[in-house]
């Protein structure tokens, strides 16, 4: 009799663990057919030290748009794989914001090698803005390899404010009628000149940086 109770006791003991494995934000919002598989993806991500917030957000985005269960699972799986690639390029210490920006750059056409190069050129500096600028330039019509090359060209000397000004100026030039490639070519030349001048020795002190 006592031995017959063992399986039931095991199940009771395991119940809290099973409950903890469920992501409460998905309940009632993501189709049941997808939720169990997504919970498994989230559990595996936690074990690997990956952030789960972007994965949950992706699942909820799909559910809000009325996507089928299979499509939601596929989108979450793809993002998980992209996070793995970006963390490999940016390093284990990369923040959630950096990883998320890196996945946007990856989808825009950046390569793992390009992202790793960005990390190497900006040791100890945050990469969120630089990676986001890669994706934003592509969204503005700049070819992916050109956008990545521009961000890398500025990576050694530019700070986040420089990247933001560079992006704003390229986008403004495009709105005013310049082609994306031409706008970027002009702005990258001005930016590299300005940043190079600000690093060089100047008698009487260095002049302030010009806006890229």
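The numbers here are math on the coordinates, done by the rules we state, and not lab data. What you see is a predicted model; the values in this text were computed from it and never measured. Here the Cβ is made from the backbone with ideal geometry for all residues, glycine too, and neighbour counts use every protein chain on show.
General observations
- Sorting 131-139, 80-88 by average packing, meaning the other beta carbons within 10 Å per residue, from highest down gives 131-139, 80-88.
- Region 70-136 pair-distance distribution - Cα-Cα, 5 Å bins, rounded %: 4, 20, 32, 25, 11, 5, 2, 1
- Listed peptides 116-127, 143-154 appear in the order 143-154, 116-127 once ranked by packing, highest mean of other Cβ atoms within 10 Å at the front.
- Alpha-carbon centroid distance for the pair region 155-181 / region 22-45, whole angstrom: 40 Å
- Principal axis box of region 10-145, alpha-carbon based, largest edge first, Å: 53, 32, 18
- Calculated SAXS-style log₁₀ I(q)/I(0) at q = 0.12, 0.24 Å⁻¹ - region 14-92, Debye, Cα scatterers: -0.33, -1.10
- Computing FRET efficiency as 1/(1 + (r/R0)^6) for residue 64 and residue 172, where r is the C-beta to C-beta distance and R0 is 30 Å, gives about 0.40.
- Spin-label pair residue 156/residue 193, simplified geometry with 7 Å Cα→Cβ offset, distance in nm: 2.0 nm
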